[in-house]
Amino acid sequence: MRIIFMGTPDFSVPVLKALMDNGHEVVLAVTQPDKQRGRGKKVTYSPVKEEALARDIPVFQPKKIREEENIEFLKKYEADVMVVVAFGQILPKAILEMTPYGCINVHASLLPKYRGAAPIQWAVLEGEKVSGVTIMQMDEGLDTGDMLLKKEVELTATETYESLHDKLSPLGAEALIETLKQVEEGEVKPVPQGETPTPYARMIEKEMGNIDWCKDAIQVDRLIRGLNPWPSAYTMLEDKVMKVWKGEVLTEDLGKSPGEIVRVDKDGLVVQTGKGCIKITELQVPGKKRMLASAFLLGYKVPVHTVLTQ
């Protein structure tokens, strides 16, 4: 099939690769404009642009895809279908209906759950046991189109945003290739979504990582895992911002104040929460790399009863 591919982050890249490796003709890659990063304002490409250039695929980077001149530009490619994977802009009706097979989206949740921009993080934050990908026929709603195919994965007890992302990305590629085959053979069977049972999976903001120790240990653990690696959970250790990369839920509850370090073990800091305790086993302080708590404690003395704050 002749395909216009729309995507931007790392999550999109395995899908683009799969399309090329399975004999589809990607005639154009549409991605977000280049960004300037760091003090030197170095221009960086999106992961999709890098992959497209490596495969000699033309790249288009509109600031606003819905502008008329951009819509007319896409028409020139006479694609059979558009594949959209975390592109980052809302598509107007003119684009949704431009090709014979419309726009097909790879969404990183089991719709109708977790419609929105951050479904992977919210699956971990909300303690889901199962997640997956949904291949969806896009409409004008926000992740409300008919479902074409679903694939599931189980979440482990230590699942992080990063680990679930790395499971779902190749799974999405696999599901899309299977769906396009069904589309070509006229065997696809769209299924309406119905109402969503979960809140909108809103974008993650840095401030969400500020740990509220009044919450119970399970909730704190989900926060740590759901925001790993970005933006990361964090707390204040004395006057320093301490990132918390990994923790362990403990069943013991010592009845101390939330945030109080109740014990310092060789391998971590045991912290009282609103219910139960968390042992911080991997952390990072300003000016240092991410490290095991055991290594941190070799050079930094943390008194028992120190209170971690927001």
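Summary table
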quantity	calculated
Residues within segment 228-241 that are within 23 Å of the chain's Cα centre (by Cα) and closer than 20 Å to residue 304 by Cα, tallied	2
Tally of residues being farther than 14 Å from residue 28 by Cα and in contact with a Gly (Cβ under 8 Å, 6 or more places away or on another chain) across segment 86-106	4
Residue 177 being in contact with a helix residue (DSSP H, G or I) (Cβ under 6 Å, 6 or more places away or on another chain), in a loop (DSSP other than H, G, I, E, B), modelled with pLDDT of 95 or more and surrounded by 15 or more Cβ atoms within 10 Å (Cβ to Cβ)	no
Any hit, segment 150-169, residues being at pLDDT below 95 and within 23 Å of residue 89 (Cα to Cα)	no
Qualifying positions in segment 202-214 - in contact (Cβ under 8 Å) with a residue 24 or more places away in the chain and of a type in the set (A, V, I, L, M)	203, 204, 211
Residue in segment 141-160 that is assigned by TED's automatic domain parsing to the domain that holds residue 87, outside any loop (DSSP other than H, G, I, E, B), touching a Lys or Arg at 6+ places or on another chain (Cβ under 6 Å) and surrounded by fewer than 19 Cβ atoms within 10 Å (Cβ to Cβ) present	yes
Whichever residue in segment 242-266 is in contact with a Cys (Cβ under 6 Å, 6 or more places away or on another chain) and free of Cβ contacts under 8 Å to residues at least 40 places away in the same chain and, among such residues, is nearest to residue 10 (Cα to Cα)	250
Restricting segment 218-238 to residues that are without any contact (Cβ under 8 Å) to a residue 60 or more places away in the chain and part of a loop (DSSP other than H, G, I, E, B), the residue that is farthest from residue 269 (Cα to Cα)	231
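Let's see how each residue does on (1) farther than 28 Å from residue 164 by Cβ; (2) loosely packed, with under 15 Cβ neighbours inside 10 Å; (3) out of contact with any Cys (no Cβ under 6 Å at 6 or more places or on another chain); (4) free of Cβ contacts under 8 Å to residues at least 24 places away in the same chain:
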| position | (1), (2), (3), (4) |
| --- | --- |
| 216 | no, no, yes, no |
| 240 | yes, yes, yes, no |
| 268 | no, no, yes, no |
| 272 | yes, no, yes, no |
| 298 | yes, yes, yes, yes |
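The values are calculated or read from the model by the stated rules, or taken from the named source; none is laboratory data. As the structure is a computational prediction, the values presented were derived from the model and not from experiment. In this analysis, Cβ positions are derived from the backbone assuming ideal geometry, glycine residues included, and neighbour counts consider all displayed protein chains.
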